[in-house]
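First the structure, in the form of C-alpha cells, and then the observations on it.
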Amino acid sequence: MNEHTTSTWMLGFLAGALAGASVALLLAPQSGKATREAMQGKLRETANSARGLKDRAVRRGEEVRDEATRRVGAAVSALAGNGSDKVASV
C-alpha cells in the first residue's frame with residue numbers, strides 16, 4: 001500500500017472504532033433513569049458552554065465596537081483639522 005492508501009485506511013478504521021464505541025455506550029445496559037440523568041447532565045453542560053460562548057462573543061463585540069468608535073472619532077478629528085488624536089466623548 002502507498003502512503004495515501006494507508007492513511008485513508010487508518011482514518012476509516014479510527015472512524016469505525018469511534019462509531020462502534022459510541023453505539024456500545026448508547027446500547028450499554030443501564031436503567032432508563034440512569035440514561036436520562038446522564039443525558040440531562042450532558043445537556044446542562046452543553047447549555048452552560050453555549051452561554052459562556054455567547055457571553056464571550058458579546059464582550060468581544062463590545063470591544064470591537066468601542067475600538068471602531070475610537071478610530072472613527074480620531075479620523076473625524078483629523079479630517080476636521082483639529083490635529084488632535086484624542087477622541088471626544090461619545
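All of the numbers you see were taken from the coordinates with simple rules; none came from a lab. Only a predicted model underlies this, so the values are computations on that prediction, with no experimental measurement involved. A quick note on method: Cβ atoms are made from the backbone with ideal geometry, for glycine too, and the neighbour counts reach across all protein chains shown.
Which one of GLY52, GLY81 is without any contact (Cβ under 8 Å) to a residue 12 or more places away in the chain and either loosely packed, with under 10 Cβ neighbours inside 10 Å or in contact with a Gly (Cβ under 6 Å, 6 or more places away or on another chain) (or both)?
Numbers: GLY52 fails: either loosely packed, with under 10 Cβ neighbours inside 10 Å or in contact with a Gly (Cβ under 6 Å, 6 or more places away or on another chain) (or both).
Just one listed residue meets the conditions, GLY81.
Here's the yes/no breakdown for (1) among the hydrophobic types (A, V, I, L, M, F, W, C); (2) in a loop (DSSP other than H, G, I, E, B):
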position: SER7; (1), (2): no, no
position: MET10; (1), (2): yes, no
position: ALA15; (1), (2): yes, no
position: ALA19; (1), (2): yes, no
position: ALA24; (1), (2): yes, no
position: PRO29; (1), (2): no, yes
position: LYS33; (1), (2): no, no
position: LEU43; (1), (2): yes, no
